[in-house]
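**Student:** Shown below is the structure under consideration.
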Amino acid sequence: MNGERKVVFGFIRIFSVIVLVCLTSNSVLGLGNEVNYLGQTNFPRVVKLDPPNGATDVDPARKHITATFDRPMRKEHSWVIRDMSPRLKLNRIKWTNDYQCRALVYLEAGAKYGVWLNHGPKDSKFQSCEGVSAQRVHWTFRTRAPRVTDIKLMARAGKGLSVELEPEAANLVRQFWIALEESDWNTALSLCSMEVREEARKYASPKAFFKAVVPVKEVLKKIRPQTGRWLHHPKYFAYIYDVRVSHEDLPRDGFWVWKVRRMDTEKKWKVHFSSIPFKTWIAKEKEDIEQVAREKERHLKELAPRLKGVRAFLTPEREAFKLGGPIRFHLQLINGGNSVLLYDQQVAVNNSMTITGPNGEQVEYMAGPYQTLGAPETIKPGETKTLFDRFDIAGQYDIKRPGKYRVQFNGNNLHVSVRTDDKAADIIDNPESFKPYPGFKPYPGKFPSNTVQIDVMPGEM
């Protein structure tokens with residue numbers, strides 16, 4: 001009997017080994033034969049995404065997203081954003097080590113985002129050290145709905161610094177937002193200053209007051225930016241919030257202001273805002289916007305003759321480029337006028353190029369927002385200054401198919417000021433501060449460049 005059991009157990013053991021060997025062989029065989037979207041084998045794989053693919057409760061305050069691969073990778077990348085709204089804003093993409101690539105992000109609460117890691121033959125720069133492209137991955141995630149109580153509130157304090165709101169002030173902001181969200185008008189009014197409460201008595205109810213005076217929907221949208229301005233007034237401290245308002249009667253967006261202030265006489269934080277009816281505010285804002293436009297037009301007429309001959313000149317590195325490779329340009333500022341100018345610029349970022357594709361469509365800007373700093377520079381009559389050299393537009397714009405493209409620097413982010421008196425001579429060649437420059441008047445117009453045509457060719461050149 002024992003002998004029979006040994007035979008049976010021995011047979012089972014042998015059978016298990018055979019099955020395991022077969023499974024292992026099939027697994028290895030299948031892995032070896034599997035190909036990526038470019039037909040390559042033995043390709044890199046994403047082993048971790050942070051946040052995970054399909055996540056539904058991502059913190060909108062998160063600053064980075066990260067992709068980790070199963071082997072050392074080349075220090076290039078292809079993050080492709082298409083067919084998703086809102087678009088995922090990426091910035092400062094870097095490899096933290098041989099395996100992990102990270103991007104700075106700007107997220108909104110309650111939004112779904114998507115990005116491709118690699119996408120097509122042109123967008124295949126996630127590669128192993130051997131040059132094999134990783135399999136493309138469509139990475140999606142959703143941020144959680146806004147939670148007012150979770151928000152860390154900051155205020156700009158000047159010179160690029162930010163400060164966190166004092167706890168009592170931050171708590172008041174959150175209470176006010178919650179009251180508006182829940183249409184709890186009595187509570188919202190109780191958080192307001194004495195002046196606001198006095199004005200509210202002229203209305204039939206707190207609800208009627210808020211409906212007539214406050215753009216509630218726009219105020220609640222301010223939850224995501226989280227940042228106001230810090231103000232030290234002679235009579236009070238305040239954190240100020242500028243609320244963007246779009247309206248059919250306004251030629252451009254206006255800004256309705258509310259603040260959380262602490263009066264020296266009260267020693268308590270209160271919400272304060274102008275209590276004029278919103279319709280009256282719209283009319284006044286329209287008048288202010290039109291006044292600014294008239295002033296701009298006056299400056300244009302005054303300064304334009306002195307800037308005649310000043311232009312931006314764009315040249316491509318060559319006439320034809322390879323699809324998927326760098327497409328480089330050179331931009332110069334030429335002072336053919338008779339005035340000394342100061343200029344500062346961020347012309348290689350923030351959608352400063354207008355690019356038209358083979359079918360007449362505008363090519364989309366794909367890079368995130370950038371903030372750079374630098375001292376203003378002087379350009380004298382007859383001088384030419386380089387604004388950028390060998391700028392690769394393929395790194396920021398969605399150039400995805402071969403054909404003829406028309407490219408122009410659109411003038412965005414190039415700021416020019418004109419010397420208006422002899423005092424300006426003190427800072428020529430050694431400017432000490434940003435605008436407004438002593439003795440210089442800013443020119444409100446733009447200097448778009450010439451338009452150039454290039455050929456983008458498929459394959460190797």
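Nothing in this text is a laboratory measurement; each read-out follows from the coordinates by a stated rule. All figures in this text were calculated on a predicted structure; none of them were measured in a lab. With ideal geometry, Cβ positions are generated from the backbone for all residues, glycine too; neighbour counts draw on all protein chains shown.
**Student:** Give the cross-link partners of K301 among the lysines, using a straight C-alpha distance below 30 Å as the criterion and excluding same-chain residues fewer than 8 apart.
**Tutor:** In chain and number order, the partners are K284, K286, K380, K385, K423, K435, K441, K446.
**Student:** Run through every distinct alpha carbon pair of the stretch 46-143 and return the Kirkwood hydrodynamic radius in angstroms, one decimal place.
**Tutor:** 13.6
**Student:** Still on this structure, please answer the following. Please list log₁₀ I(q)/I(0) at q = 0.17, 0.18 Å⁻¹ for the stretch 149-298, using the Debye equation with identical point scatterers on the alpha-carbon positions.
**Tutor:** -1.05, -1.16
**Student:** Could I ask something else about it? As a quick test, which of the pairs K63/K259; K48/K122; K202/K279; K89/K404; K112/K217 have an alpha carbon distance above 18 angstrom in this structure?
**Tutor:** As for pairs spanning more than 18 Å Cα to Cα, those are K63/K259; K48/K122; K89/K404; K112/K217.
**Student:** Kirkwood Rh over Cα pairs of the stretch 243-355 into Stokes-Einstein at 10 °C, 1.306 mPa s: D in µm²/s? Present the calculation step by step, with values, prior to reporting the outcome.
**Tutor:** On the way: Rh = 19.7 Å.
Estimated via Stokes-Einstein, D reaches 81 µm²/s.
**Student:** Over the C-alpha atoms of the stretch 274-323, what are the Rg and the largest Cα-to-Cα span, Dmax, in Å?
**Tutor:** Gyration radius and largest Cα-Cα distance of the stretch 274-323: 21.6, 61 Å.
**Student:** With 10 angstrom as the radius, rank L314, L387, L104 by how many other C-beta atoms surround their C-beta, starting from the fewest. If you can, show how the numbers build up before the last one.
**Tutor:** On the way: L314 20, L387 24, L104 14.
Placing the least packed residue first, the sequence is L104, L314, L387.
**Student:** Here's something else I'd like to know. Order these by the 10 Å Cβ neighbour count, fewest first: Y236, Y405.
**Tutor:** Numbers: Y236 18, Y405 22.
Neighbour counts put them in this order, fewest first: Y236, Y405.
**Student:** Can you sort V292, V80 so the residue with the fewest Cβ neighbours within 10 Å comes first?
**Tutor:** Values: V292 13, V80 19.
Fewest to most other Cβ atoms nearby, the residues stand as V292, V80.
**Student:** Label D249 and L104 with points 7 Å out from Cα along Cα→Cβ: what is the distance between them in nm?
**Tutor:** Distance between the two pseudo-spin positions: 4.1 nm.
**Student:** May I ask you to order 61-68, 134-141, 341-348 by the average number of other C-beta atoms within 10 Å around their residues, highest value first?
**Tutor:** Order by mean packing, descending: 341-348, 134-141, 61-68.
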